[in-house]
1. Filtering the range B:83-98 down to residues that are within 7 Å of chain A (Cβ to nearest Cβ) and within 18 Å of B:TYR23 (Cβ to Cβ), which residue is modelled with the lowest pLDDT?
2. So A:TYR375 clears everything in (1) out of contact with any Gly (no Cβ under 7 Å at 6 or more places or on another chain); (2) at pLDDT 95 or above; (3) of a type in the set (Ser, Thr, Tyr) except one condition, right? Which one?
3. Are any residues in the range B:196-208 of a type in the set (A, V, I, L, M) and surrounded by fewer than 18 Cβ atoms within 10 Å (Cβ to Cβ), and if so, which ones?
4. I'd like the full set of residues that are in contact (Cβ under 8 Å) with a residue 40 or more places away in the chain and over 24 Å from A:THR346 (Cα atoms), limited to the range B:351-364.
5. Here are the criteria: (1) assigned to a helix (DSSP H, G or I); (2) at the interface with chain A (Cβ under 9 Å from one of its Cβ atoms); (3) farther than 27 Å from A:VAL355 by Cβ; (4) touching a residue at least 60 places away in the same chain (Cβ under 8 Å). Tell me which single one B:TYR212 does not satisfy.
6. Looking only at the range A:247-256, which residues are at negative phi and either in contact with a helix residue (DSSP H, G or I) (Cβ under 6 Å, 6 or more places away or on another chain) or surrounded by fewer than 24 Cβ atoms within 10 Å (Cβ to Cβ) (or both)?
7. Which one of the conditions (1) under 49 Å from the mean Cα position of the chain (by Cα); (2) of a type outside the set (Asp, Glu); (3) at pLDDT below 90 does B:PRO114 fail to meet, given that it meets all the rest?
2 protein chains.
Amino acid sequence: MNELLIDLDLHTGISLYEQIYRYIRKDITGGRLSCGERLPSARLLASQLQVSRSTVDAAYAQLVSEGYLQAKRGSGYYVCDIGALYDLAQPQVQQFSDSLQKTRGTQPKYNFLPGQVDDQGFAYNAWRKCAKEALLALETSHQLLQAGHPQGEYELREAVASYLYQARGVRCQPRQLVIGAGNEYLLQMLGQMFAKGAGKVAMESPTYLQAYHTFQNIGYEVVAVPMDDYGMVADKIPDTDLTFAYVMPSHQFPIGTVMPLKRRLELLAWAKAGEQRYIIEDDHDSEFRYKGRPIPSLQGISQLDRVIYLGTFSNSIMPSIRISYMVLPPQLVDVYARTCGFYASTVSKIQQMTVCHFIKQGYFERHLNKMRGIYKSKHDLLLYLLKQKEWVYRIYGGHAGLHLAVELDCGLTEEEVSKRAEKYGMCVQGLAECYPAGDGKRGVRPVMLLGFGRLSEKEIRDGVEILERCLQEGGDQAVGLIPQ
Amino acid sequence: MNELLIDLDLHTGISLYEQIYRYIRKDITGGRLSCGERLPSARLLASQLQVSRSTVDAAYAQLVSEGYLQAKRGSGYYVCDIGALYDLAQPQVQQFSDSLQKTRGTQPKYNFLPGQVDDQGFAYNAWRKCAKEALLALETSHQLLQAGHPQGEYELREAVASYLYQARGVRCQPRQLVIGAGNEYLLQMLGQMFAKGAGKVAMESPTYLQAYHTFQNIGYEVVAVPMDDYGMVADKIPDTDLTFAYVMPSHQFPIGTVMPLKRRLELLAWAKAGEQRYIIEDDHDSEFRYKGRPIPSLQGISQLDRVIYLGTFSNSIMPSIRISYMVLPPQLVDVYARTCGFYASTVSKIQQMTVCHFIKQGYFERHLNKMRGIYKSKHDLLLYLLKQKEWVYRIYGGHAGLHLAVELDCGLTEEEVSKRAEKYGMCVQGLAECYPAGDGKRGVRPVMLLGFGRLSEKEIRDGVEILERCLQEGGDQAVGLIPQ
């Protein structure tokens, strides 16, 4: 056919080229022009439509580039086979109806989940100031847009290194530091540094399941090592090489054990005894210790280079900032560069420099001291209230961190306690949820994790009362005793 | 021994408890108190030092908690074995002497590397405005600190979904979107969603090596599939299942091929023919097309659910922001939630909301149009200059993206060209560097990648002249012809 039904409208905002393009595409996708059919020459169509030749050329060129037409030298334009082509001209209505995705569930009235932080005491003004300064400094130095160092901005690593030395006795140079978007990301890097899937990871049980799942996802065999009152039992760790021992000596999650020096030395001895054995020290909760001075890190007391130190700003600044840091032993720095050095940093440069200012200008230290005071009073109150209760059998993990583990003297299961508490608007988690798959919780009594970080004094008092009601006979009927 | 030589000083700022603690620790680490030795009872020491009993108790308790002392019920305090204990009392001087880490090498005078962005045209004011608004909004809503949605803030996913639909014809709901800290991170998530290491990845050769190395690191077998002028040759892709085909149809890196519809349909047919075959569409450079309208994405024209769409804000906003997005087919959303849903988001909430404001308030669109103009004029100039040169054999990848691939008609190797250019302060990369290991570059002539994104008009002109000098006889003597 040499006649196209194209009705150009000079008064719409749409260019003639675009109109011609759309008409022909519509004819093709609508089937009025079929595969192999020859189109009128650009010259002919131009004269038919009384538009310039170049206008038609542009429309044809676009149709060719999108694969609707094929140009055969000297013979003209032909319709292509567009079998599976979806017609964009008929926009599918977008339905954003997945309300479930909008929130991670509404906030419970009493959120006793662990790892919740206080959002009243945060140094909002200082943070805003540092964010503004970081942005302006990066602008004026023309460094805002350009990709930064793959291990993280040097200034930030310098600040973190000296903070870790002063606060945790960690000995490192900035070159040993890798800044990354969360502990799990850094653990993945660690996993990639060694022969894929060849290694074992010894973990305490119960433990921090995010780390457990991460190792599983990246193909490492996870060995659940039992723990006693001092933490991971060193002589239960596999005697194989290329093995990591993942521990949280400052305040084990979720039990809250503080690992004494003796056990730390046993761990170091285990690492020393093999070719490629490393201790991953997740210094969880080290910032918030409420009794005595914090115990120096394993990395700090070790004279071997077998400790990989892991820390995060999630609790010390905010969970939403997503900045963690990993201290590699000197001999692993090159291994990292060789195996993972091609990865660009996972943390935005602006955020890195904001934190850097926050630390260097002393706000971080002041913030930590302030929050330690706030959390201590919440911790002390919860501890005091629980100690009054005859239904409290034992309390684990006091004097540090943002939660307590409470063993209850009652006939209920953890699930039953959680369920009943839920009816009062209280969200509380049982210890069983922290055990790796296939490794059942020991002990018959329910152990509940009571996170206090985000709660007010009143909410803490209410929470303990709610627990008491839950444990009483007929807790199911007790709904609404506390006005919602 | 029952006598400790402790000389308390009431006039220092240090508390008595701290002083006693330090004296005893020093005696232990200094060897004056040896393992197993018994210390004076707290009562006795208190009276000797004339301090309160509780002061000594506190010091002893700290020494116990740090593992220097061991308390034996009813018998007193004994010195522990602290063999491998490092004495923190003698702080090791921190040397931050690794200047190499401070920068990624100084900026070359003429940076022709690909993937460099223009930092003059950026919408600094709009960005600052959005950053400020995001920060304040999060503060007032008390959402700043709290962890966000693991797949990314819903508002941002909504904004990205509608941008992708309008600009790229991508059809998705926010629930299909995963926001992550860079393409490589999202590829790692993808790798973890399927049986670890079981899968194959078909990649073009040459290709984007970061992606290649990522797949290698996470244990996938990478198959280099040859490409012709239309991109990856579909019938060269392995016929196995659980295979990804990683392609860049909009503008293949580094060659710059724009994949025509015919080839796209062949790829979709390949995916359809197997149980678990997916096309990973890295929509690289799709924002910057200088001729005609952009070609709709593979994801948009496909009627199958076998396309995983990948995009980034690195070129469209800034490389330093580290935000990418992945569109999963509906049936993979649950797989993601099941296998990777436990990972917290890798992007700071503040940054996410800043970008969200940037898009929703129309700044992003205006920025893209402005930058497209800026890059087009740089692109056109470089293309024009090169077309004058008889030593240019062929130019690849024009009309899109931030670089050109230029095949040179000369007897030099790519390394020789790079080396010579370096002497003029020009940094330029050869195509050979983009081939997977063991898969040698085809063709005898050197092909250089000329990135123009960050360069001024003058720098582009100088660069072409420098290349010419490099190709001339005795390029080695030509040093300094252009004043540095």
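1. Going through the range B:83-98, the residues within 7 Å of chain A (Cβ to nearest Cβ) turn out to be B:83-86, B:88, B:92, B:94-96, B:98.
From the residues that got through so far, the ones that are within 18 Å of B:TYR23 (Cβ to Cβ) too are B:85, B:88.
Numbers: B:LEU85: 44, B:LEU88: 36.
The qualifying residue modelled with the lowest pLDDT is B:LEU88.
2. Going through (1) out of contact with any Gly (no Cβ under 7 Å at 6 or more places or on another chain); (2) at pLDDT 95 or above; (3) of a type in the set (Ser, Thr, Tyr) one by one, A:TYR375 breaks only (1).
3. Step one: of the range B:196-208, the residues of a type in the set (A, V, I, L, M) are B:198, B:201-203.
Correct list: B:ALA198 only.
4. Result: B:LYS360, B:GLN361, B:TYR363.
5. Going through the list (1) assigned to a helix (DSSP H, G or I); (2) at the interface with chain A (Cβ under 9 Å from one of its Cβ atoms); (3) farther than 27 Å from A:VAL355 by Cβ; (4) touching a residue at least 60 places away in the same chain (Cβ under 8 Å), B:TYR212 breaks only (2).
6. A:PRO249, A:PRO254, A:ILE255
7. Every listed condition holds for B:PRO114 apart from (3).
The rows are residues; the columns are (1) closer than 30 Å to B:TYR163 by Cα; (2) more than 27 Å from the chain's Cα centre (by Cα); (3) not in a helix (DSSP H, G or I).
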site: B:LEU368; (1), (2), (3): yes, no, no
site: B:LEU383; (1), (2), (3): no, yes, no
site: B:LEU386; (1), (2), (3): no, yes, no
site: B:LEU404; (1), (2), (3): yes, no, yes
site: B:GLY438; (1), (2), (3): no, no, yes
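The values are calculated or read from the model by the stated rules, or taken from the named source; none is laboratory data. Fair warning: this is a prediction, and the values are worked out from it, not measured in the lab. With ideal geometry, Cβ positions are generated from the backbone for all residues, glycine too; neighbour counts draw on all protein chains shown.
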